Amino acid sequence: MLTDFRSYAALTWRPAARISVLYGPNGTGKTNLLEALSLIVPGRGLRGARNADLPRLDGPGGWAVAGRFQTPEGETIIGTGCEPGSDRRVFRLDGAAPRNQADISRIIAAVWLTPQMDRLFQEGLSGRRRFLDRLVWALEPGHAREMASHDTAVGSRNRLLAEGRQDRAWLSGLEDSIARHAVAASAARLGLVTRLNAQIAAGAGAFPPGRIGLACPIAERLQTEPALAVEDWLRDGLAANRPRDSAAGTSLLGAHRTDMRLTDAGTGTPAALASTGQQKALLIGVILAHAALIASARGFAPLLLLDEPAVHLDAERRRALWDVLMALSAQTVITGTDADIFLPLADHAEALATGSGGLHPDGRFLRPETDTAPVPTAL
Ligand SMILES: Nc1ncnc2c1ncn2[C@@H]1O[C@H](COP(=O)(O)OP(=O)(O)O)[C@@H](O)[C@H]1O
Ligand SMILES: [Mg+2]
């Protein structure tokens, strides 16, 4: 259920199948709906939007998204939104305020692919780091807090150094905090990368086998040294780097410097050198393996949100994508401009045309009355 969310004044939708296709011309609200779903999970959603951009422009100023989901703790209504006049986003679990956001990320996860990711390997490392951390977060919800604490400590140390204050005790305390959070976060990233690479390698081979690597001295050391030794090394390095970091205006050591690499393990080609279509295929392979990894590791499938995944894919890869989606257990929403390319999914998916702030079923696909498929996670 959406209320005053972007282009939607009010929308109630109950998926009739495990796979939903949203199709329609540009600007008809496909990505808006995926974004609404992505916001059910704490975080800034698949557009990384500011809260102020979410209320419908001609609406009263607030917005809400809520849905009924099958979770490991039973059927639960999860809602999020913002009251008119307020800038504070709140969550609701079965109508009550949760103790904290972890109560929600413990029972639901979402994984997404967006057209913006087509440029992931052409643009700066911050986008890749966010991508990597979201993958980790979906597997280990505590990772978000670890990174937030780390980044806060890095920011405080940067400010202290910029002010030229030689408060050694304070700096040491911050560096200790950075070292502990950076090692914990890097260990979580390393764990995700190891498991995800194994999951990709074990995959069906419909997509090029991506291999993720971390460009990060902390993760590198963690592979051969105990965590406490890496913390000591990092703490000493930060202390020794004070003059250099002060001059650079930033901290040259820490979990915020990590980059992610993706290589086609079959050909050895780095994603950055692959064609747009090859990159897309590599990324789709990563995302699908990630969804499968979450399902097996956490015991429940994530919401899988694929915004225009077929763009840049050749016909054979499209077909492979549909095959994989039909075999997954995740509640999946896919978008595209044209319904016809999704027709191979017609016996397994519902299709809804977007437009006029609503959804309009396509008779060639599954309809609510005829569908008997279980709906593990439904809005
Ligand atoms: N806060 C908002 N209020 C009203 N309309 C919005 C808001 N934010 C975006 N839109 C409109 O939503 C449309 C884009 O919808 P989107 O879901 O991105 O389209 P697409 O179907 O191409 O994915 C645009 O026409 C844009 O003007
Ligand atoms: Mg869109």
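When LEU313 is tested against (1) under 17 Å from the mean Cα position of the chain (by Cα); (2) within 30 Å of THR28 (Cβ to Cβ), exactly one condition is not met: (1).
Of the residues making up the stretch 14-31, just one is farther than 17 Å from THR337 by Cα and either surrounded by fewer than 20 Cβ atoms within 10 Å (Cβ to Cβ) or near ligand 1 (Cβ under 9 Å from one of its atoms) (or both), namely ARG14. When the stretch 20-55 is filtered for residues that are under 18 Å from GLY358 (Cα atoms), touching a residue at least 40 places away in the same chain (Cβ under 8 Å) and not hydroxyl-bearing (Ser, Thr, Tyr), the ones remaining, listed by number, are VAL21, LEU22, GLY24, PRO25, ASN26, GLY29, LYS30, LEU33, LEU34, LEU37, LEU54, PRO55.
In the stretch 96-119 there is no residue that is in a helix (DSSP H, G or I), out of contact with any Phe, Trp or Tyr (no Cβ under 6 Å at 6 or more places or on another chain) and farther than 30 Å from TRP63 by Cβ. Number of residues in the stretch 236-269 that are within 22 Å of the chain's Cα centre (by Cα), under 23 Å from ALA201 (Cα atoms) and open to solvent by 30 Å² or more (accessible area, probe 1.4 Å) equals 3.
The single condition from (1) open to solvent by less than 30 Å² (accessible area, probe 1.4 Å); (2) within 22 Å of TRP13 (Cα to Cα) that SER105 fails is (2).
Search the stretch 40-75 for residues being of a type in the set (A, V, I, L, M) and within 12 Å of ligand 1 (Cβ to nearest atom), and hand back the single one that is farthest from ILE108 (Cα to Cα). Step through it out loud before you land on a result.
Going through the stretch 40-75, the residues of a type in the set (A, V, I, L, M) turn out to be 40-41, 46, 49, 52, 54, 57, 64-66.
Among the residues that remain, those that are also within 12 Å of ligand 1 (Cβ to nearest atom) are: 46, 49, 52, 54, 57.
Details: LEU46: 15, ALA49: 20, ALA52: 25, LEU54: 22, LEU57: 29 Å.
Checking each candidate, the answer is LEU57.
Out of the residues in the stretch 52-75 that are in a strand (DSSP E or B), within 30 Å of SER329 (Cβ to Cβ) and open to solvent by 10 Å² or more (accessible area, probe 1.4 Å), state the one that is farthest from ligand 2 (Cβ to nearest atom). Residue satisfying both the conditions and the ranking: GLY74. Hey, does the stretch 162-174 have a residue that's modelled with pLDDT of 95 or more, closer than 18 Å to ARG128 by Cβ and not small (Gly, Ala, Ser)? Within the stretch 162-174, not a single residue is modelled with pLDDT of 95 or more, closer than 18 Å to ARG128 by Cβ and not small (Gly, Ala, Ser). Set side by side, the residues LEU34, LEU11, LEU46, LEU39 differ, and just one is open to solvent by 10 Å² or more (accessible area, probe 1.4 Å), closer than 25 Å to ARG130 by Cα and either of a type in the set (A, V, I, L, M) or more than 16 Å from ligand 2 (Cβ to nearest atom) (or both), which is LEU46. Restricting attention to the stretch 327-339, the residues that are open to solvent by 20 Å² or more (accessible area, probe 1.4 Å), in contact with a strand residue (DSSP E or B) (Cβ under 9 Å, 6 or more places away or on another chain) and away from ligand 1 (no atom under 15 Å from the Cβ) add up to 1.
Contact map, the stretch 328-351: first residue free of Cβ contacts under 8 Å to residues at least 24 places away in the same chain and more than 16 Å from ligand 2 (Cβ to nearest atom), second residue assigned to a loop (DSSP other than H, G, I, E, B) and not β-branched (Val, Ile, Thr), Cβ cut-off under 6 Å, separation 6 or more or different chains; pairs are ALA346/ARG364; ALA346/PHE365. Among the residues of the stretch 285-327, those identified as within 16 Å of ligand 2 (Cβ to nearest atom) and under 21 Å from LEU33 (Cβ atoms) are LEU305, LEU306, ASP307, GLU308, PRO309, ALA310, VAL311.
Counting only residues that are in contact (Cβ under 8 Å) with a residue 40 or more places away in the chain, part of a loop (DSSP other than H, G, I, E, B) and open to solvent by 60 Å² or more (accessible area, probe 1.4 Å), the stretch 122-148 holds 2 of them.
The values are calculated or read from the model by the stated rules, or taken from the named source; none is laboratory data. Everything numeric here is computed off the predicted structure, so don't read it as measured data. Note that each Cβ is placed from the backbone with ideal geometry, even for glycine, and that neighbours are counted across all protein chains shown. Note: accessible area is taken over every heavy atom of the protein model, side chains too, but ligands, DNA and RNA are not part of it. Shrake-Rupley method; radii C 1.70, N 1.55, O 1.52, S 1.80 Å.
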